[in-house]
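Trainee: Have a look at this one.
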Amino acid sequence: MRHFKTKLIVAGLLFIAILIAFPYFFQYIEARNGYSLSDIVVEHIPAADCSLPIFLCIWGITLLMLIRCVKQPYMLLTGLYSFIILTLFRITTITLIPLNPPAGLIPLVDPISNFFYGKTDFVTKDLFFSGHTSSQFLYFLCLQKKSDKLLALLSTIIVGSLVLVQHVHYTIDVVAAIPLTYLCYLAGRRVAGNRSEFPFTA
């Protein structure tokens, strides 16, 4: 129990630190110029505002994940560390690969996420790799029940497709999110520790 609490406190502090740093990072990447990619897929998709269905998918599965974590502390710990590693990895790739958004981008409206953007109303240059797609796929990896995993997988497909329709991401951002998220999940699970260390896990 003490081992779990220590890891949970560390994860919580890291999570809070990331949330505090987010506005500064987003303002930095929005102010710089990057490269534009030629994307035959996005170029042939008429842009449309899909903010509402994207919002419902993302936060619906997030709520499901939180509900499941109440009775499964190991899932909470694994999810937290995986998310922290995933976020730090995305910050690194976004910093090293400066990209301008696809032509025809329609700003994604998300009142909850936008709260962490600071002075920037919309973030358009957090591109490689897609945080929307990766978050849903991470939930798919963490959730245990088959029905939950099916919902998270469906949400991953829907969100990954709709961010392309809205021209928020390039195709490579969405495609790369899947294997990269899986690697971050493996690392997060390793940091969280073996499930047997937490006998109170449901």
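Trainee: Using +1 at the C-beta of Lys and Arg and -1 at the C-beta of Asp and Glu, which of Leu14, Val175, Asn194 has the Cα lying farthest in the positive direction of the dipole of the chain?
Mentor: Asn194
Trainee: Starting with the fewest neighbours, write out His3, His44, His132 ranked by other beta-carbon atoms found within 10 Å of each beta-carbon. If you can, show how the numbers build up before the last one.
Mentor: Values: His3 10, His44 7, His132 25.
The order, fewest Cβ neighbours first, is His44, His3, His132.
Trainee: Tell me which label goes with the value of P(r) over Cα pairs in 10 Å bins from 0, in percent computed from the coordinates here: (1) 9, 37, 37, 14, 2, 0; (2) 9, 40, 41, 10, 0; (3) 9, 34, 37, 16, 4, 0.
Mentor: Only one listed value fits the structure, namely (3).
Trainee: Rg and Dmax of segment 87-149, using alpha carbons, in Å: what are they?
Mentor: Answer for segment 87-149, Rg first and Dmax second: 14.0, 41 Å.
Trainee: Choose one answer from Arg32, Arg90, Arg189: the residue with the largest mean-square fluctuation in a GNM of the chain with alpha-carbon springs under 10 Å.
Mentor: Result: Arg32 has the largest fluctuation of those listed.
None of the figures in this text is laboratory data; all of them are computed from the coordinates on show. Please read all numbers here as calculations on a predicted model, not as lab measurements. Because the Cβ atoms are built from the backbone with ideal geometry, glycine has one as well, and the counts that use them run over all protein chains shown.
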